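The values are calculated or read from the model by the stated rules, or taken from the named source; none is laboratory data. Here the structure is a predicted model, which is why all the values come from computation and not from measurement. Heads up, the Cβs are rebuilt from the backbone with ideal geometry, glycines too, and the neighbour counts pull from every protein chain shown. Heads up: the accessible areas ignore ligands, DNA and RNA and are worked out on the full protein's heavy atoms, side chains in. Shrake-Rupley method; radii C 1.70, N 1.55, O 1.52, S 1.80 Å.
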Amino acid sequence: MRKTLLFLAFIIVTSMSFAQNASYGVRVGYNISNLDFEPHPTFDNMHRNGFAIGFFGEYDLSAAIGLAPEIQFSAEGAKDRDLRIDYIQMPILFKYRIGDRLSVGAGPLVSLKVHEYEDGFKNFGFSGVGGLEFMISDEIFIDARYHYGFTNVLDDDNPSGYEATNTNIQLGIGIKI
């Protein structure tokens with residue numbers, strides 16, 4: 001699976017490096033994340049405040065449509081120390097520009113868990129991401145994103161009988177060059 005992800009990232013980066021209208025940048029964000037358990041947990045499940053930092057490229061496919069692959073570190077999960085999950089993530093946003101300053105985007109997000117190896121969480125996750133971006137100036141932007149997890153983040157052999165998906169609201173600021 002790792003080789004497939006690395007190969008996909010390599011293909012995207014090399015194919016987009018020939019794009020004429022491209023911008024690159026850095027983005028930092030504030031996370032408000034939680035785990036949605038099924039069935040409803042009997043314990044207190046509070047959200048976690050975390051952060052994200054990443055690098056991105058944005059490539060124009062037409063005057064109104066762009067593709068924005070990114071790689072970021074994101075601190076997610078729930079507030080309880082045993083329910084925290086940190087990821088290296090690769091969102092790929094397809095963006096639609098509404099005017100000169102506003103754009104909406106959506107796409108897939110693949111996550112690779114970092115930190116501990118056998119901690120009860122799966123090593124890979126798959127989510128959907130959607131968001132809004134507003135350009136404050138020609139280089140600086142603010143954005144808001146929502147990640148919705150499609151895969152169970154708990155190991156299949158966990159004794160609790162729960163399944164959990166990750167959800168995350170991310171508020172960010174960044175710079176494009």
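Which of the following residues is surrounded by 18 or more Cβ atoms within 10 Å (Cβ to Cβ) and in contact with a strand residue (DSSP E or B) (Cβ under 6 Å, 6 or more places away or on another chain): Leu102, Leu109?
Details: Leu102 fails: surrounded by 18 or more Cβ atoms within 10 Å (Cβ to Cβ).
From the options Leu102, Leu109, the qualifying one is Leu109.
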* To do: Please list, ordered by first then second residue, the pairs with beta carbon atoms under 6 Å, 6 or more apart or interchain, first in segment 145-171 and over 20 Å from Thr42 (Cα atoms) and surrounded by 14 or more Cβ atoms within 10 Å (Cβ to Cβ), second at pLDDT 90 or above and β-branched (Val, Ile, Thr).
  => Arg145/Val129; Tyr146/Ile169; His147/Val129; Tyr148/Thr167; Gly149/Thr165; Ile169/Ile32
* Determine whether Ile142 is open to solvent by 30 Å² or more (accessible area, probe 1.4 Å), aliphatic (A, V, I, L, M) and closer than 20 Å to Asn31 by Cβ. => yes
* Given the residues Phe51, Phe56, which is the only one that is modelled with pLDDT of 95 or more, within 18 Å of the chain's Cα centre (by Cα), part of a strand (DSSP E or B) and surrounded by 16 or more Cβ atoms within 10 Å (Cβ to Cβ)? -> Phe56
* Would you pick out the residues in segment 59-79 that are closer than 19 Å to Ala22 by Cβ and part of a loop (DSSP other than H, G, I, E, B)? -> Leu61, Ser62, Ala63, Ala64
* Asked: Which members of segment 92-114 meet the condition of being over 15 Å from Val129 (Cβ atoms) and more than 15 Å from the chain's Cα centre (by Cα)?
  -> Arg97, Ile98, Gly99, Asp100, Arg101, Leu102
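Only one of Arg84, Arg97 is modelled with pLDDT under 95, among the basic types (Lys, Arg) and surrounded by 16 or more Cβ atoms within 10 Å (Cβ to Cβ); which?
Values: Arg97 fails: modelled with pLDDT under 95.
Step by step, each of Arg84, Arg97 is checked, and only Arg84 is modelled with pLDDT under 95, among the basic types (Lys, Arg) and surrounded by 16 or more Cβ atoms within 10 Å (Cβ to Cβ).
How many of the residues in segment 45-70 are of a type outside the set (A, V, I, L, M) and free of Cβ contacts under 8 Å to residues at least 12 places away in the same chain?
So the first thing to find is which residues in segment 45-70 are of a type outside the set (A, V, I, L, M), and the list is 45, 47-51, 54-60, 62, 66, 69-70.
Retained after the next criterion (residues that are free of Cβ contacts under 8 Å to residues at least 12 places away in the same chain): 62.
Number satisfying all stated conditions: 1.
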* **Tyr117 open to solvent by 20 Å² or more (accessible area, probe 1.4 Å), without any contact (Cβ under 8 Å) to a residue 24 or more places away in the chain and aromatic (Phe, Trp, Tyr)** => yes
* Asked: Within segment 120-137, which residues are of a type in the set (A, V, I, L, M) and open to solvent by less than 60 Å² (accessible area, probe 1.4 Å)?
  -> Val129, Met135
